[in-house]
Amino acid sequence: MIYLLLCIVLSYGAEIDVNTFSNYIEVSQEHVHIEWLLDLDQQHINATSQQIFRVNSNKLDKIDLDIYQLDIIAVYISSSGNILQHNIIKQGDQSLLQGDVLQIKLDRVYLRGEYIKLNIRYNLDSKGARALGFLRKEQTYSKQVPYLFSQCEDNNCRSMIPLQDTPSVKIYFTASVLVKDARINVFMTGNKLQSMKFKLLNNYDNLQALTLYQFELDIKIPAYLIGIIAGEVVEKSTGNQTYVIAEPHFIDDYAQELSDLPIYMNEMQKYIGPYIWGDYKIVILPASFPFGGMEHPLLTFASPTIIVGDKSGVGTAIHEIAHSWVGNTVTGRNWANFWINEGFCVFLERKILSRLNGLDSVKLDAINGNSSAYTSMQTFGLDNSFSSMHPNTKNRNPDEATSRVPYEKGYQLLTYLETLIKEDPFQQFLRDYIQHFKFQSIDEDQLYQFLLNWVRTNKGDDAQKIITDIQTIWKDWVYKPGLSPIQIDVQTPLFTNANNLAKAWIDGRGQVPEQADEFIQYKPNQKSVFLQYLIDNSGLVEKTVLATMDQKYVLTFYKDQKIAYKWYRLVLLVEYREALEGVHDFVSKVGVSSYLKVLYDLLGYHYNEEAYLWFDENKTFYHPVVVEAIEKILQKYPKKNIFE
Ligand SMILES: [Zn+2]
């Protein structure tokens, strides 16, 4: 058996996914359909999934699927209704990290090329389903109707659907979602169907009283791209097949802030080629959404922190649009190749931003990005594989490896390649790359071979020199932890000016520097550089500097959350207690995981009592994956007994 598996893996020839328990090489999932009856008041979902598999091995008698804390009721053959025996194989210490195996014993031996169609009935609730954020109605703006949203990436889809939870496998996805409360509107990955297309799999006593939504996507996607929101939400067109979705109170403001969506979409297509997914819809979620954005096809999610009021936060929207090509059309085949999604995506995002805002502004973004990547590397350890573009996620929840590292080192690699290949040919390379690998999941070696071949074919006399340059750096760039082997040029006066101003504040020791007003004119990314300088040199910053600075710039309770976040990091590092109420306000209003992880790490150390108090206050506001992450961070700083 082991020999057979080895043969299959070898003939397969590509990297396997170490973060799935499924036997996806022997049998591959082709189609996943779900039928969910939502009860958002009870935070419960009555679920059935119908799935089609194709057999790849010579003989197959079982299917192993990924599950996380799912209550499986029954598995049966769709056509006959014959019940199949199923077992849940617990994975020991992996159980709470990555879940368990749902092993389905088939009714006979199936041969290569045969198809199998199964139904799985199961229950979902707010306790087990870590992909799902159930908000009580009090947590929404109108406080009338509860709200549900999902976050499957990295491998959390297994907590809402039993499936092959790996980006190596792409599936057709369809859904029927039934709701009891007619005020609840539902959106999922895919097109919302105007009339009923899929026959219901179950009988419902009160069908007349239920509202049914159906969704279909005709392009295959990996499981991590499945997404849902349900709640009192509306959509508004922003022109040219682009839409914004949000709670009714916010929809006009959000649509106004995102009114340039058609422009971004247009610029992106001019650079990389046609958009193939249909409509482009972006949901602005309630504040407890843990990420900046998530690129579900036809249903991008974005945090409300991108809405600043002056369109300055919409870089995230451009990033998510770029995923339509890189990530969603061409996909990294496992979490070690996550950079194939994110590095390319940041490259496209900054390419468009440089056309809209100029190259100097993009250089600042690259500096800021690299600085947060470096902060993550220091936390992981500079020799840790998580500090490389190709993290070793075996026996780990790949979420743990998530940081800016693959984004920025990937971006830097592509920028370096662009300097070797030259700008216009590199654009052509990217277009050819999308065409060549579209609808596939790939690893770094497939990309590497394609790149070398492309250069050989397209770069004439320069080809050999370029190939040698690429060969010299490639493996180090991809696999070696720490900073990229070659530093790209990010020099800009915007950076120097911001640093000089920050230094002048430190040297002033509480006096307002002469050029202090420059800050008011800075764009957010330059403000961010300014604050980063102070963070990096926080040992030299006196409390009185922060007091004067706050008076001058009013940074406590600052509206742009990206800036507020950096200010609060500084406040905590310097222990400037006067601004602590601002930190409290921030951690009670913003649910973004990357911000909260850093702030609670600092709080745990500098303000232990407040850390525990505020975490307890906000536990029901944060998404379950964030609660888990903060609990882990606070373990480093045991609660101090205030009576000691
Ligand atoms: Zn991304």
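The values are calculated or read from the model by the stated rules, or taken from the named source; none is laboratory data. Not measured: the values here are computed from a predicted model. Here Cβ is always computed from backbone atoms with ideal geometry, including for glycine, and neighbour counts include all displayed protein chains. Surface areas here come from the heavy atoms of the whole protein model, side chains and all, with no ligands, DNA or RNA. Shrake-Rupley method; radii C 1.70, N 1.55, O 1.52, S 1.80 Å.
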For ILE263, which of the numbered conditions (1) more than 16 Å from the chain's Cα centre (by Cα); (2) assigned to a helix (DSSP H, G or I); (3) within 22 Å of TYR411 (Cβ to Cβ) fails to hold?
-> (3)
Residue selected from the range 544-590 under the condition over 15 Å from ALA611 (Cβ atoms) and aromatic (Phe, Trp, Tyr), by the criterion surrounded by the fewest Cβ atoms within 10 Å (Cβ to Cβ) | PHE557
Which pairs do you get when a residue that is closer than 19 Å to LEU348 by Cβ, found in the range 398-420, comes within reach of a residue that is more than 14 Å from the ligand (Cβ to nearest atom) and among the β-branched types (Val, Ile, Thr), reach meaning Cβ atoms under 6 angstrom, with the pair 6+ apart or on two chains?
-> GLN412/ILE488; THR415/ILE488; TYR416/ILE486; TYR416/ILE488; LEU420/ILE466
Is it the case that the range 458-474 has a residue that's over 24 Å from THR375 (Cβ atoms), surrounded by fewer than 18 Cβ atoms within 10 Å (Cβ to Cβ), in contact with a Pro (Cβ under 8 Å, 6 or more places away or on another chain) and among the polar types (S, T, N, Q)?
-> yes
Checklist (1) more than 21 Å from SER588 (Cα to Cα); (2) modelled with pLDDT of 95 or more; (3) open to solvent by less than 10 Å² (accessible area, probe 1.4 Å) applied to ALA129, failing item | (2)
May I ask you to list the residues in the range 596-644 that are over 19 Å from VAL571 (Cα atoms) and free of Cβ contacts under 8 Å to residues at least 24 places away in the same chain?
-> ASP616, LYS619, VAL627, GLU631, LYS632, GLN635, PRO638, ASN641, PHE643, GLU644
Can you list the helices (runs of 4 or more DSSP H) found entirely within the range 276-380 that contain at least 1 residues being open to solvent by 30 Å² or more (accessible area, probe 1.4 Å) and more than 16 Å from the ligand (Cβ to nearest atom)?
-> 338-357, 359-380
Selection within the range 382-396 - touching a helix residue (DSSP H, G or I) at 6+ places or on another chain (Cβ under 7 Å) and open to solvent by less than 50 Å² (accessible area, probe 1.4 Å) = PHE386, SER387, SER388, MET389, HIS390, PRO391, THR393
(1) within 18 Å of PRO290 (Cβ to Cβ); (2) among the aliphatic types (A, V, I, L, M); (3) modelled with pLDDT of 95 or more: which one isn't true of VAL626, the others all being true?
-> (3)
May I ask you to list the residues in the range 326-350 that are within 20 Å of ILE276 (Cα to Cα) and not hydrophobic (A, V, I, L, M, F, W, C)?
-> GLY327, ASN328, THR329, THR331, GLY332, ASN341, GLU342, GLU349
Using the structure shown, decide if PHE621 is open to solvent by less than 20 Å² (accessible area, probe 1.4 Å), within 26 Å of the chain's Cα centre (by Cα) and under 30 Å from LEU96 (Cβ atoms).
-> no
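For a quick check of your reading: which helices (runs of 4 or more DSSP H) sit entirely within the range 535-595 and have at least 1 residues that are farther than 14 Å from THR305 by Cβ, touching a residue at least 40 places away in the same chain (Cβ under 8 Å) and not acidic (Asp, Glu)?
Values: elements: 543-553, 561-574, 580-589.
Per the criteria, 543-553.
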Could you tell me whether any residue of the range 218-227 is farther than 30 Å from ASP399 by Cα and surrounded by 22 or more Cβ atoms within 10 Å (Cβ to Cβ)?
-> no
